[in-house]
Amino acid sequence: MRRLVTSLVALAVAALTLAAVASSALPIKKVPFTASYSGQAATKVDGTTANISATGTGLGSLIGAGKITAAGTGDSSQQPCVPFGGTGSMTGAKGTVAFKLTTGSSGCGDDGGHVFSVKGYATVTKATGKLLKAKGTLKFTGIYNRDDGTFSVKFTGTLKK
Amino acid sequence: MKRILIFTAALAAFAAVTASAKAADPLPFPSAQVLQVFIATQTVLPDGTMNNYFAPGSTVVFRSYAVDPKSRSIVAPKLVKYFYVSIPNQPPLKYTYDATAPGASTGLPWTATWTVPADYPQGTVAFKTLLKLNTKRQGQFIQMPVSTAMLTISKTPPPVVSPGAPAGSAGVVQSGKLDLSLYVDSVAGTRPVGAPARQIGCSQTNVYKRGEQLVVRAWGTDLNTSDVLSNDNVKEAHFSIAGQPDTVMNWGAHGTVGSQVFFWTNALIVPPTFPLGEATVHVVFTTETGKTGTYDYVINVIP
């Protein structure tokens, strides 16, 4: 009986050690990611809340050509830069990147509130396909023309998987 | 044949995506990249007061500095083959190097003085500053296309708010090899608090009364890549004034719709208790790659 217990303990220790070694041995792969999209965005102001939605088409590295969709809200009481947050996803033929905008994302308008320069960071919440399990934060920059609703945006960064 | 068709279709799709993206892309001032010698030029009165409205017969001092992108160093006189201001319908106006000259500063030591002819046409003056180094590299400066802040000749210019700040150390802070080259100026904002608005909002000045809106404007380049500083490559930009919280500078569109350009700005209301006299606006840019550039801009706060 004592032998059996000793063997079981040894086996468990060996298994745990192996698992630990295996997990630490797995190299973290850095994946540079860039994407750019353009399309139409809409902002509907209700009081001091700007409800934002956007859809566009473009190209993302590794996920390929596809579309972007995003939605969120902004605080239009703050000028000239409106802080905003929200979620979205980039979808291509070879994968999807879902993201959540981090605090500090903003759109800075011109004097007339026509053209906004947008920037911020997006944390990847889920990735599939060629970017399966990729995590990290991407910087995004772009422009939104409130007059005609057009926008263009670029994402850059290095993900880890 | 099938392969060719697929390739052509893919190319067309890519072109469509690129074209639609380009249509909405920002236009950084003066362009996405500056490969030539970087030049910054301000227009001032002989006492160093920033100004852009001048009457015929008055004196405009152009003051400048330049950075050679190859050596990433401030251009010294011995490196210059020619450096002058080109004014429409006027002979070239040569620069001289003297940080103590009227209107000059240690940071902007090149000056050229122009007495506006009595019959010079009223309106915006599309001047250029042109430089050529002995190494044959050239550079050009033009003003940001915001009409209220461009050199303008008028028989009825708005009154000058003076006296100007002693130019002193105004200009780029760093020496040796630079990572960033910066242009900085300031205008009187259109939204003062507790002070009357200027006759022409967003006109250039470095003299403020308490309650007026100090608007700092800037653009620059990353000398390692030649890229103009924008949201794409800048991690953080701000200006600091002693006793005041830092003011983040924003990359935004300015000018008339249809011909807007993007550069960096933000504003600060001069507090009612702000000390009178000379104050330094310390401008700092930090890029995503960790490079920094700083510039000290001098204002004068008057009663």
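Each value in this text was obtained by applying a stated rule to the coordinates, not by laboratory testing. Just so it is clear, the structure is predicted and the values come from calculations on it, not from any experiment. Don't worry about glycine lacking a Cβ; one is built from the backbone with ideal geometry, like all the others, and counts go over all protein chains shown.
Relative to the first principal axis of the alpha-carbon coordinates of chain B, what is the inclination of helix B:2-24, with its axis defined by its Cα atoms, in degrees from 0 to 90 and to the nearest 10?
For B:2-24 against chain B, the angle is about 10 degrees.
Identify, among A:62, A:73, A:121, the residue whose Cα sits farthest towards the positive end of the charge dipole of segment A:28-160, taking +1 on the Cβ of Lys and Arg and -1 on the Cβ of Asp and Glu, with the dipole about the Cα centre.
A:62
Considering just Cα atoms, how many Å³ per residue does the convex hull of segment A:28-160 enclose? List each step's numbers first, then the result.
Values: hull volume 10.5 nm³, N = 133.
Cα-based convex hull of segment A:28-160, divided per residue, equals 79 Å³.
What value in Å³ per residue do you get for the convex hull of the alpha-carbon atoms in segment B:38-302? Walk me through the intermediate numbers first.
On the way: hull volume 32.7 nm³, N = 265.
Per-residue hull volume (Cα only) is 124 Å³.
Give, as a single signed number, the net charge of other residues whose beta carbon lies under 14 Å from the beta carbon of residue B:113, with Lys and Arg counted +1 and Asp and Glu -1. List each step's numbers first, then the result.
Numbers: positive: B:63, B:94; negative: B:47, B:98.
The answer is 0.
Would you kindly derive the ³J(HN,Hα) couplings of segment B:216-225 from the backbone phi angles with the Karplus curve 6.51 cos²θ - 1.76 cosθ + 1.60 (θ = phi - 60°), listing them in order in whole Hz, with x for Gly and Pro?
9, 10, 8, 8, x, 9, 8, 6, 7, 10
Work out the length of the dipole vector of segment A:28-160 about its Cα centre, built from +1 on the beta-carbon of each Lys and Arg and -1 on the beta-carbon of each Asp and Glu, and round it to the nearest 20 debye. Numbers along the way, then the final one.
Details: 15 positive and 6 negative charges, 228 e Å.
Dipole about the Cα centre, nearest 20: 1100 debye.
So what J values fall out for segment A:67-75 if you push phi through Karplus, 6.51 cos²θ - 1.76 cosθ + 1.60 with θ = phi - 60°, rounded to Hz, Gly and Pro as x?
Whole-Hz 3J(HN,Hα) from phi for segment A:67-75: 9, 10, 10, 7, 8, x, 9, x, 9.
Across peptide B:249-257, what mean number of C-beta atoms from other chains lies inside 10 Å of a residue's C-beta?
6
Which one of B:287, B:152, B:85 has its Cα pushed farthest toward the positive end of the charge dipole of chain B, where Lys and Arg give +1 and Asp and Glu give -1 at the Cβ?
Among B:287, B:152, B:85, the one farthest towards the positive end of the dipole of chain B is B:85.
Between B:78, B:94, B:291, where does the largest GNM mean-square fluctuation fall for chain B, given springs only between Cα atoms within less than 10 Å?
It is B:78.
Using a Gaussian network model on chain B with a 10 Å cutoff between Cα atoms, which of B:95, B:120, B:84 fluctuates the most?
B:120
What's the local net charge at residue B:179, with K and R +1, D and E -1, over the other residues with C-beta under 9 Å away? Mind showing how you got there, number by number?
Details: positive: B:72, B:177, B:291; negative: B:222.
So the environment of residue B:179 carries a net charge of +2.
Normalised radius of gyration for the protein assembly as shown, please: alpha carbon Rg relative to 2.2 N^0.38 Å, two decimal places. Could you put the intermediate results ahead of the total?
Numbers: Rg = 27.0 Å, N = 464, 2.2 N^0.38 = 22.7 Å.
The reported ratio for this selection is 1.19.
Connecting C-alpha atoms closer than 10 Å in a GNM of chain B, tell me which of B:236, B:212, B:288 has the biggest fluctuation.
B:288
Given charges of +1 on the Cβ of Lys and Arg and -1 on the Cβ of Asp and Glu, with all other atoms neutral, how large is the dipole of the protein assembly as shown about its Cα centre, in debye to the nearest 20?
Values: 40 positive and 22 negative charges, 487 e Å.
In debye, rounded to 20, the protein assembly as shown gives about 2340.
Work out the charge dipole of segment B:181-303 with +1 on the Cβ of Lys and Arg and -1 on the Cβ of Asp and Glu about the Cα centre, then indicate which of B:241, B:251, B:273 is farthest towards its positive end.
The listed residue farthest towards the positive side: B:273.
In whole Å, what is the distance between the alpha-carbon centres of segment A:39-96 and segment B:190-251?
Centre-to-centre distance over Cα atoms comes out at 28 Å.
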